[in-house]
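Input: a single structure, listed below in structure tokens.
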Amino acid sequence: MIVAIGVDVDDTFATFVRVAVSTGTPIRLVNIRAAVTGDWRFDLPPTDGAKLFHADGDIVLDPNDSYFCRLIDLSAASDLASAGRWRALLAALRAWIEAVPGRVVNRPLGGVHNGSKPLHEALLLGAGLRVPPSLTSSDPAELRAFAREGLTISKTVCGTRAHTATVTPDDFTDFDPESGPVHLQRQIVGDDARIHVVGEHVIMHVALAGAVDYRRAGAIRTMTQREPPAALKDALIAATPMIGLAFAGWDFKIDADGTYWCLEANPMPGYGPYDAICDGAISRSLLKYLEHAS
Amino acid sequence: MTAERSKPAAVIIVAQRHDPVALRVSRALIERNIGVEWKTGCEAARLFTIRIDERGLTVSPDLPMFVRPSAWWAQPQSDPDARFLLRECHATFWAAAALCASPVLNRPGPSGTVGRLTAGALGQAEIHAAGSDGIEDDGTFWIEDADFRTGPLSLADNSLPFRARRVDPTADYEIVVVVGAQAFEATTDPRTAKHDLPARSLDLARRHHVQFAAITWEVAPEAALPVRLNPAPDMNELRYRSADVLNALCEALLA
């Protein structure tokens, strides 16, 4: 059995469930927004089923089932009492899901290194992928020198979504180290590719060049599905579990020579908009991956 | 921050100045004529330059570090920009400490820094629950609720979720401190000797990717169970073998 655990207001979760229903795939749902209002019991180690009791109905989770998780924390949007229940339920779910033996998509600890870009890029390099040169520093001389070496963009170190901006050496003339650290990366001019990988399934979408960040430019809708180079496909099928993920949304830039430069591997990707372009192919791949284990 | 001695810093201590364990380590290093430099978490983050290019990866400076959670204890930031900058510093230091070639205690990994692990994370039976119905209260359960109150299961009320585990009220406790490949038992009590706690502690530390930790064991005649792994031991846990532990920490940092 496939169990989907998430929140009903999450578009990606809704996309997955919708495709499961439309393909007639048996699936059980846990809506965390409902579960948090009821009672629960999770035994560790997970030798027995976990139990959730709430108004929508009682559910027993079998540790041997397959799990699609999007454990989104809405405690910050809740009142004080509810926030405590959110944190406690998510802590229980994370501990239990991390321990179950079966296939899990979006394990809680999977890919957390994406929260430190230099560390993440080092891991991508170690997985055999080509990564644009980068520098993380609070030293104005180092930052200026890097920016002088070629087209340069500035990104957040911690991965918080922000405007990715082009920078020049002059931007660091009066730089105060107390304003740092700063993460700079060599800008690759070219098309954008998003490649979703789950198990052996690889689905690539390409957006034509034109923006530093195609997602902010609203270009997702214009993306087209293409077959990735065979060598890259094999590399990503191997690299995805190597960096601790069952499912990843890989971001690449394709330069004028046709070289694929890896920008990042998104853990728990919000793949809904891409799935809409390929008529649910990503969701179907996820279901096949989870069904295979079931 | 300046070096404690005229020698160039050879070890960076990343901690608040009043951290008792960090103070002891600092003193031990200085007694060995090793230069020490103190940094808070943000100060340490701003020290490093991390470069990734066609030649590979470099972290500079590349110096041994002794890292404590107190490094990040700061006044809560109400300003969103200040909170963001704190996250940027944390992410940078995480990468530098994970990637540098020199010894780091404790070195963060791809999943971050290991926090305090309690019984459930160490493989012992534990229950996470909301509502105590269905848990038979035989007097052996101990809970911690969502407000961090601890006590017997009877303390649980239906409004607060809690974690629970069985506690043996007749059990003894032993603490084993791990530093690298060395393990130091707090006592020489013969009741704990038969449980091979040093070897089991080293195995636990290795599996959880920590190089320095205090592991607390619940010891009964027939079995000993790990109930806490603390990767930031305080002096209460170290004091039984402090000389040996400090010696081992210095050796590990200077390896």
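Values for this structure:
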item	result
Candidate set from the range A:159-178 (those that are surrounded by fewer than 17 Cβ atoms within 10 Å (Cβ to Cβ) and small (Gly, Ala, Ser)); member that is farthest from the chain's Cα centre (by Cα)	A:ALA165
Residue satisfying all of: in the range A:140-149; open to solvent by 40 Å² or more (accessible area, probe 1.4 Å) and in contact with a helix residue (DSSP H, G or I) (Cβ under 6 Å, 6 or more places away or on another chain); farthest from the other protein chains (Cβ to nearest Cβ) among these	A:ARG148
Residue among A:ARG33, A:ARG41 that is of a type in the set (D, E, K, R) and touching a residue at least 24 places away in the same chain (Cβ under 8 Å)	A:ARG33
Residue in the range B:218-230 that is part of a strand (DSSP E or B), surrounded by fewer than 21 Cβ atoms within 10 Å (Cβ to Cβ) and of a type in the set (S, T, N, Q) present	yes
Those residues of the range A:115-139 which are open to solvent by less than 30 Å² (accessible area, probe 1.4 Å) and more than 8 Å from every other protein chain (Cβ to nearest Cβ), in sequence order	A:HIS120, A:LEU124, A:ALA127, A:LEU129, A:PRO132
Residues of the range A:16-42 satisfying the condition of being closer than 17 Å to B:ARG163 by Cα and either more than 13 Å from chain B (Cβ to nearest Cβ) or surrounded by fewer than 20 Cβ atoms within 10 Å (Cβ to Cβ) (or both)	A:GLY38, A:ASP39
Top-ranked residue of the range B:107-141 - restricted to ones that are open to solvent by less than 70 Å² (accessible area, probe 1.4 Å) and β-branched (Val, Ile, Thr), ranked as nearest to the other protein chains (Cβ to nearest Cβ)	B:ILE127
Matching residues, the range B:203-217, being open to solvent by 50 Å² or more (accessible area, probe 1.4 Å) and without any contact (Cβ under 8 Å) to a residue 60 or more places away in the chain	B:ASP203, B:ARG206, B:ARG207
Number of the exception - B:TYR240 against (1) within 30 Å of B:ALA97 (Cβ to Cβ); (2) in contact (Cβ under 8 Å) with a residue 24 or more places away in the chain; (3) open to solvent by less than 70 Å² (accessible area, probe 1.4 Å)	(3)
Test: residue in the range A:150-158 that is open to solvent by less than 60 Å² (accessible area, probe 1.4 Å), within 23 Å of the chain's Cα centre (by Cα) and among the aliphatic types (A, V, I, L, M)	yes
Subset of the range B:147-165 [touching a strand residue (DSSP E or B) at 6+ places or on another chain (Cβ under 7 Å) and either within 12 Å of another protein chain (Cβ to nearest Cβ) or among the polar types (S, T, N, Q) (or both)]	B:THR150, B:ALA156, B:LEU160, B:PRO161, B:PHE162, B:ARG163, B:ALA164, B:ARG165
Matching entry among B:ALA71, B:ALA96, B:ALA101 (being under 30 Å from B:LEU29 (Cα atoms), free of Cβ contacts under 8 Å to residues at least 60 places away in the same chain and assigned to a loop (DSSP other than H, G, I, E, B))	B:ALA101
Test: residue in the range A:74-89 that is facing another protein chain (nearest Cβ under 9 Å), in contact with a Ser or Thr (Cβ under 7 Å, 6 or more places away or on another chain), closer than 27 Å to B:ALA125 by Cβ and surrounded by fewer than 21 Cβ atoms within 10 Å (Cβ to Cβ)	yes
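The values are calculated or read from the model by the stated rules, or taken from the named source; none is laboratory data. Just so it is clear, the model here is predicted, and its values are computed rather than measured. Every residue, glycine as well, gets a Cβ built from its backbone with ideal geometry; the counts of neighbours run over all protein chains shown. Ligands, DNA and RNA are excluded from the accessible area calculation, which covers all protein heavy atoms including side chains. Shrake-Rupley method; radii C 1.70, N 1.55, O 1.52, S 1.80 Å.
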